[in-house]
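Some notes on the structure that comes next.
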Amino acid sequence: MPNFAINEDRCDFTLNGWSLGLTKREFDITKTLFENPNVVFNQEQLYSAIGLNTFVEKGTLAKHIANIRRRFDGASETNTGQVIIQTRRRIGYCWSECNHLCKTQEIGAK
């Protein structure tokens, strides 16, 4: 079982004691997904959750997610190929602990 840890002061996320060396944006995305394992975020919801309310070029989020996945693969001692961040086709992204329990929730809905 993987062991994850977040160090907010250093904007660092570790997997089994290995620092992932994420950029600030990658850290914010990873932290948001990690702290909300039963939530599928679409692009707008995820960028809003990390405080980015400006126009972002299409494909930028997918590139960040791909970078995060590569860093997880590189930090995994046993690299089982487990997907840490799931892509929910035509919906968004969620932390993989939720597996089939992922559900779409409106973030910030009242």
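The values are calculated or read from the model by the stated rules, or taken from the named source; none is laboratory data. The model shown is predicted, which means the values in this text are computed figures rather than measured ones. Quick reminder, even Gly has a Cβ in these numbers, built from the backbone with ideal geometry, and neighbours come from all protein chains shown.
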Looking at the stretch 77-84, is at least one residue surrounded by 15 or more Cβ atoms within 10 Å (Cβ to Cβ), at pLDDT below 90 and not in a helix (DSSP H, G or I)? yes
When you look at residue 61, is it farther than 14 Å from residue 95 by Cα, at pLDDT 90 or above and in contact with a helix residue (DSSP H, G or I) (Cβ under 8 Å, 6 or more places away or on another chain), yes or no? no
Criterion: in a helix (DSSP H, G or I), in contact with a Lys or Arg (Cβ under 9 Å, 6 or more places away or on another chain) and either of a type in the set (D, E, K, R) or over 14 Å from residue 69 (Cα atoms) (or both) - qualifying residue of 44, 26: 26
Name the residue, out of 88, 25, 71, that is surrounded by 11 or more Cβ atoms within 10 Å (Cβ to Cβ) and modelled with pLDDT of 90 or more. 25
Residues within the stretch 1-28 that are under 28 Å from residue 90 (Cβ atoms) and touching a residue at least 60 places away in the same chain (Cβ under 8 Å), tallied: 1
So is residue 53 modelled with pLDDT under 85 and of a type in the set (S, T, N, Q) or not? yes
